[in-house]
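In what follows, a structure is listed as structure tokens, so that the remarks can point back to it.
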Amino acid sequence: MKRCRYEHSGTGWWFAGICALALLGSCANMATPNGGPYDETPPKFLRSTPVRHATRYEGRKIEIFFDELIQIERPSENVIITPPQTNLPVVRAVGKKVRVELKDTLKPDVTYTIDFTNSIADNNEKNVLENFTFAFSTGDVIDSLEVAGIVLNAENLEPMPDILVGLHRNLADSAFTTEPFFRTSKTNERGRFVIRNVAEGSYRLYALNDANRDYRFDQPGEEIAFHDSVIVPRFEFATRQDTVWKDSLTVDTVRTVGYTHFLPDDVTLRLFRETFQRQYMLRPERTQPHLFALKFNAPVDTLPEVTLLNGDPVEENWYLTQLLDGNTAINYWIADSTVWQRDTLLLQVAYLKSDSLNIPRPQTDTVRLTMRRQPAAATGRRRSKKNEPEPVEYLLPQLRPGGSADLADTMALVFTEPAPDFAKEHLLLELQQDTLWTPVDFTFRQDSADILKYCIERTWQYEENYRLTIDSARIFSLYGKWNNLFQSTFRFKSKDEYGHLYIHIEGVTGAAFVELLNGNDAPVRKAPVERGGALFMNLRPEKYYARIVLDTNGNGVWDTGNYAEGTQPEEVFYSSRLYEMRANFEVEETWNVLSVPVTSQKPAEITKNKPKDVTKQKRNYKEEGRSQSGSSGGFGGMGGLGGGSLGF
């Protein structure tokens, strides 16, 4: 032990106090007790009432005991009981046990399975007991067969978690829509499922994103999947390699062990939503005196008929329509000044609305739209002085895209208001040749859906510079605004700024198209498969992924399925590789679409439904103890005094 010397003087007691502090700091490391190793193991099953795999059980209460205090996370969502229960059971944690109370009358000669998925964890460290199930039978035997597989999103191959997967003994197509599942399970975070304790026989297999929790497909908006073939569960005896470890780094022995292999264990279900949405109108809006909008919850196939009720328009065609947001919104530009100058419009709107049976029926609503005029001060406009002319509000066209353009871009002029008399003759397009600007011809058309957009088309070439000019007062909007002098230049990139990609496609017959995707799994380019390949010219130097759609109807888009018609969604496959394009490079690749199982094709970098860590990560309690000891100063921050001798 360290000793401190000091002079016996009037200040001796003061030095004695300092030495005492030093002794405390140097002789005792005052760390916070860490309580020993942390609990890193999940709860262990001890016993149950009834016993596991009990037969001839007639009670409706089950108690399962564990070796420590436990908790159950969201039991109503995570605990799956099969056969499905009409009345919700009570599932709760009570100290070291789980208590399950079934409310339905038990069926005779049936194996019941309680699948806790990953909902059970210990109460302190939240270590999860993964895939714990409990089974008993009301008959003489426990059914033990299994059916396993994976559920993927049909359009993008995302693994789909928390989807009900069920078996029907009734092989009729109507069973899926009229009866609850006979046996069921739920997919985990990887989209995988195991339906346990299945009896011998033939079954139909389905997946369902069950919106109303009735275990049947009775809501048109529910996502579904169905297997085309009848499922016949079976098993075979097989062997596999089992590794015994001495420690975390050293292998002790590798043994060949036998096990029961349940089949099928690789069923792939492709989840889709049928093309159906309830059709109804949302709240109409009038954002400007001469503009009102009708909005719908789903795309409209037929434009609503609008009739003015408070007065007769002077012009027969008193409005122009503009479709927006994928045909879910319609702008009505009022062309008749006697109409748009009114503060209140009373309209009759005739459209299609879904009835209680989800059938579109003619619907007529009366709509009142009021436009309150704001004073000049409220609008932020400066009041003009006497005899000072009002500032001119010009019609402002915008060229999209401007500046540096890609050859694949569509050049377009976009206006803020309709300009119904705008024509090709109002434009001057010039090509720069050396230092001179030479007028050139082009194709001009109005966009079929957007009346404010006009497309300018020509066979563009690399490195060409163009200038687009519109003289002032050549274009007039529907509301009397005219354009100021407009001039904009744009240039197409050079050939060596692009990359080019050709993909040989193997394993596909029939119509198909390939989409290049960005890092967000969103399509950026599309090309048909022609003569065994897909060609992508003039790609920006970026990273791309690829998927192919087997376009069975040849319409150039992915189509969903239809259960009533027995139609599966069009098949989609992903390339498991990354295509990194560089400027001035030509890349040629071969893609065998079927060489990798569809369940493993989608690259992890663009997979959104990534599984989380189920088991709690191990904690380094030794390091935590050191950290606590190093940070404990004690005595108001004077712990540093114990680091060594005071040097007296």
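The values are calculated or read from the model by the stated rules, or taken from the named source; none is laboratory data. Since the model is a prediction, treat every value here as computed from it, not as a measurement. Backbone-built Cβ (ideal geometry, glycine too); neighbour counts: all protein chains shown. Only protein heavy atoms, including side chains, enter the accessible area calculation; ligands, DNA and RNA are left aside. Shrake-Rupley method; radii C 1.70, N 1.55, O 1.52, S 1.80 Å.
Overview of results
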| read-out | value |
| --- | --- |
| Complete set of residues in the stretch 349-364 that are touching a residue at least 24 places away in the same chain (Cβ under 8 Å), loosely packed, with under 14 Cβ neighbours inside 10 Å and at negative phi | Ala350 |
| Scope the stretch 41-81; condition of a type in the set (Ser, Thr, Tyr) and in contact (Cβ under 8 Å) with a residue 40 or more places away in the chain; matching residues | Thr41, Ser48, Thr55, Tyr57 |
| Tally, over the stretch 308-332, of residues that are assigned to a strand (DSSP E or B) and farther than 23 Å from Asn297 by Cβ | 2 |
| Leading residue by the ranking (most open to solvent (accessible area, probe 1.4 Å)) among those in the stretch 42-76 that are acidic (Asp, Glu) and assigned to a loop (DSSP other than H, G, I, E, B) | Glu58 |
| Residue match in the stretch 134-146 (condition: small (Gly, Ala, Ser) and open to solvent by 40 Å² or more (accessible area, probe 1.4 Å)) | yes |
| Output for the stretch 279-307, where each listed residue is open to solvent by less than 70 Å² (accessible area, probe 1.4 Å), assigned to a loop (DSSP other than H, G, I, E, B) and over 27 Å from Tyr479 (Cα atoms) | Gln279, Asn297, Ala298, Pro299, Val300 |
| Of residues in the stretch 185-227 being open to solvent by less than 10 Å² (accessible area, probe 1.4 Å) and more than 20 Å from the chain's Cα centre (by Cα), the one nearest to Arg273 (Cα to Cα) | Tyr206 |
| Considering residues of the stretch 230-267 that are open to solvent by 60 Å² or more (accessible area, probe 1.4 Å) and small (Gly, Ala, Ser) only, the residue modelled with the highest pLDDT | Gly258 |
| Residue selected from the stretch 568-588 under the condition more than 20 Å from the chain's Cα centre (by Cα) and more than 19 Å from Gly519 (Cβ to Cβ), by the criterion surrounded by the fewest Cβ atoms within 10 Å (Cβ to Cβ) | Glu588 |
| All positions within the stretch 28-63 that are closer than 18 Å to Thr138 by Cβ, of a type outside the set (D, E, K, R) and either at pLDDT 95 or above or under 42 Å from the mean Cα position of the chain (by Cα) (or both) | Ser48, Thr49, Pro50, Val51, His53, Ala54, Thr55, Tyr57, Ile62 |
| Members of the stretch 520-556 found to be closer than 20 Å to Ile505 by Cα, open to solvent by 70 Å² or more (accessible area, probe 1.4 Å) and out of contact with any strand residue (DSSP E or B) (no Cβ under 8 Å at 6 or more places or on another chain), listed by number | Glu530, Arg531, Thr552, Asn553, Asn555 |
| Any strands (runs of 3 or more DSSP E) falling wholly within the stretch 535-613 and containing at least 2 residues that are in contact (Cβ under 8 Å) with a residue 40 or more places away in the chain and aliphatic (A, V, I, L, M) | 543-550 |
| Hits in the stretch 487-512 - residues which are surrounded by 19 or more Cβ atoms within 10 Å (Cβ to Cβ) and out of contact with any Phe, Trp or Tyr (no Cβ under 9 Å at 6 or more places or on another chain) | Ala512 |
| Residue among Phe226, Phe262, Phe193 that is of a type in the set (A, V, I, L, M, F, W, C) and over 28 Å from Ser137 (Cα atoms) | Phe226 |
| Residue check, Thr321 surrounded by fewer than 17 Cβ atoms within 10 Å (Cβ to Cβ), under 36 Å from the mean Cα position of the chain (by Cα), closer than 30 Å to Ala154 by Cα and at pLDDT 90 or above | no |
| Residues of the stretch 407-454 classified as more than 20 Å from Ala473 (Cβ to Cβ), open to solvent by less than 80 Å² (accessible area, probe 1.4 Å) and of a type in the set (D, E, K, R), total | 5 |
| Filter pass, Val94 being exposed (fewer than 15 other Cβ atoms within 10 Å of the Cβ) and not acidic (Asp, Glu) | yes |
| Enumerated strands (runs of 3 or more DSSP E) restricted to the stretch 128-246, each holding at least 2 residues that are of a type in the set (A, V, I, L, M, F, W, C), within 30 Å of Trp558 (Cβ to Cβ) and touching a helix residue (DSSP H, G or I) at 6+ places or on another chain (Cβ under 9 Å) | 145-153, 224-226 |
| Pairs where the first residue, in the stretch 208-234, is on the phi < 0 side of the Ramachandran plot and the second is among the basic types (Lys, Arg) and buried (at least 19 other Cβ atoms within 10 Å of the Cβ), C-beta under 6 Å, 6+ apart | Ala225/Arg270 |
| Every residue from the stretch 445-468 that is part of a strand (DSSP E or B) and either over 16 Å from Gln398 (Cβ atoms) or more than 38 Å from the chain's Cα centre (by Cα) (or both) | Arg445, Glu457, Asn465, Tyr466, Arg467, Leu468 |
